[in-house]
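Q: Please see the structure below; I have some questions.
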Amino acid sequence: MKKIICSALLVSCMVFAMTACGSKKAAKTGGDAKSGNITVGFSQVGAESDWRTANSTSMKETFSEKNGYTLIFDDAQQKQENQIKAIRNFIQQEVDYIVLAPVTETGWDTVLKEAKDAGIPVIIVDRMVKVSDDSLYTAWVGSNFELEGKKAAAWLKAYLDKTGRGDEEINIVDIQGTIGASAQIGRTKGLEDACKENKNWNLLAKETGEFTQSKGQEVMESLLKKHKDDIDVVYCENDNEAFGAIDAITAAGKTVGTGKDDILVMSFDSTKTGLTDVKDGKIILDTECNPLHGPRVEEIIKALENGETPEKQQYVDEEIFAAVKDVESVNADGKDYDVTVVDDKVIKGRAY
């Protein structure tokens, strides 16, 4: 009788344990227990630029309650340690998915392994991460930043040739983004490679503007003092840096524009404000960096929910916008890309 009772108790314990494990797994895959929503923890870099604000808005609008999600949003204020802390909090909260827009590329192995050990898929957006094991993240969504730089440099070369300045000495300064960020690395490399190919292009200086308007203005003021009348082109690695650079240039009594005597300001992002400056001739070229990552990330999550394996890397579509019509298209990496001249219709149709 004792053996029968013990056996019954053992079976009951096993059934209870299996049920408990099953319930935990169900809760894990089913998202927010109260609402039934899928829970997404998103660690955002910060709010340093118009582009970043648009990126955050895209994520918030996509992962809304009405769309069946519970979004836990964390602003890291440009600090990697804040993002690592946020990811660990997401793990403790047992979110279904973690989305990370990393401050820099390196330093993620430990915390991403913690997420992997917890069984939580991690989706990287915007900037890339460099890790020892690619299985530490599920997928990445963003831009080909080096290609963006190549497009911009190809346009500048074509424009100078078209306007009779192809053989002139061209002095360029680069207001870089946050050092170590994928966008900075790619866009800087695109320009550096072009300067090596075009022997008459002189890269006078590279200095970080940290992707902000205030720092962009500060850097430009310093560069104008150092190089006085030598600067022909300012290569700003995002729109906000360009806004600050333009303020510094005009305050110094110099002009920005599209003429030979103007300083040519180039930018990246193509926000609505940036394109307005393109239309007005303040920015001569703005190479798009698409911030609307929310829908693409949702596609990845839906694929995972259906038991599918999404592509590891997914690039967003991007355009090139100019203030002048001299160059209709450019070739980069063996492919042709159309150049759109900005008018009121282009700006009106801009979503960010």
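What follows is calculated from the coordinates using simple rules that are stated; it is not laboratory data. Bear in mind the structure is a predicted one, so any value in this text is a computation, not a measurement. Glycine also receives a Cβ, built like all others from the backbone with ideal geometry; neighbour counts cover every protein chain displayed.
Q: Take the chain, connect every pair of alpha-carbon atoms lying under 10 Å apart with a spring to form a Gaussian network, then pick out the residue of Ser64, Ser182, Ser43 with the largest mean-square fluctuation.
A: Among Ser64, Ser182, Ser43, the largest mean-square fluctuation in the Gaussian network model of the chain belongs to Ser64.
Q: Could you give the angle, 0 to 90 degrees to the nearest 10, between helix 239-251's Cα long axis and the longest principal axis of the Cα atoms of the chain?
A: Tilt relative to the chain: about 30 degrees.
Q: With the chain treated as a Gaussian network of Cα nodes joined by springs under 10 Å, which of Val131, Val256, Val103 yields the largest mean-square fluctuation?
A: Val131
Q: Hey, in the GNM for the chain with a 10 angstrom Cα cutoff, which one of Leu224, Leu264, Leu292 fluctuates hardest?
A: Leu224
Q: Based on the alpha-carbon gyration tensor of region 54-150 and its eigenvalue square roots a ≥ b ≥ c, which shape applies: rounded if a/c is under 1.5, prolate if not and a/b is larger than b/c, or oblate?
A: Oblate, because a/c is 1.5 or more while a/b does not exceed b/c.
Q: With unit charges on the beta carbon (Lys/Arg positive, Asp/Glu negative), name the residue among Gly41, Ala101, Ala76 whose Cα is farthest towards the positive pole of the charge dipole of the chain.
A: After comparing all options, I get Gly41.
Q: Which of the peptides 87-95, 241-249 is most tightly packed, and how do the rest follow, going by the mean number of other Cβ atoms within 10 Å of each residue?
A: Highest-to-lowest ranking by the protection proxy: 241-249, 87-95.
Q: Still on this structure, I have one more. Quick one: of the DSSP bridges fully inside region 278-352, what percent are antiparallel, nearest 5?
A: Of the beta bridges lying entirely in region 278-352, close to 70 percent run antiparallel.
Q: Also: Could you tell me which of rounded, prolate or oblate describes region 122-219, using a ≥ b ≥ c as the square roots of the eigenvalues of the alpha-carbon gyration tensor, with rounded for a/c under 1.5 and, failing that, prolate when a/b is larger than b/c and oblate otherwise?
A: prolate
Q: Where does helix 80-92 land angle-wise versus the long Cα axis of the chain, in degrees 0 to 90, nearest 10?
A: 20 degrees
Q: Follow-up. Choose one of Leu191, Leu292, Ser270: the residue whose Cα lies farthest towards the positive end of the charge dipole of the chain (beta-carbon charges +1 Lys, Arg; -1 Asp, Glu; about the Cα centre).
A: Leu292
Q: Could I ask something else about it? Please work out the C-alpha center-to-center distance from region 216-240 to region 165-179 and express it in whole Å.
A: 10 Å
Q: Can you give the charge dipole size of the chain about its Cα centre, rounded to the nearest 20 debye, using +1 on the beta carbon of Lys and Arg and -1 on the beta carbon of Asp and Glu?
A: 1620 debye
Q: Still on this structure: How would you rank Arg52, Arg127, going from fewest to most other Cβ atoms within 10 Å of each one's own Cβ?
A: Sorted ascending by nearby Cβ count, the order is Arg52, Arg127.
Q: Enter the angle in degrees (range 0 to 90, nearest 10) between the Cα long axis of helix 50-62 and the first principal axis of the Cα atoms of the chain, meaning the one along which they spread out most.
A: 30 degrees
Q: Something else about it: With 10 angstrom as the radius, rank Tyr97, Tyr337, Tyr235 by how many other C-beta atoms surround their C-beta, starting from the fewest.
A: Fewest to most other Cβ atoms nearby, the residues stand as Tyr337, Tyr97, Tyr235.
Q: Let me make sure I get this right: for region 313-352, a, b and c are the square roots of the gyration tensor eigenvalues over alpha carbons, sorted descending. Under 1.5 in a/c it's rounded, otherwise prolate if a/b > b/c, else oblate. Which is it?
A: oblate
Q: Could you give the dipole magnitude of region 228-352 about its Cα centre, charging the beta-carbon of Lys and Arg +1 and that of Asp and Glu -1, in debye to the nearest 20?
A: Roughly 300 debye for region 228-352.
Q: How do Thr178, Thr110, Thr70, Thr250 line up, fewest other C-beta atoms within 10 Å first?
A: The order, fewest Cβ neighbours first, is Thr110, Thr250, Thr70, Thr178.
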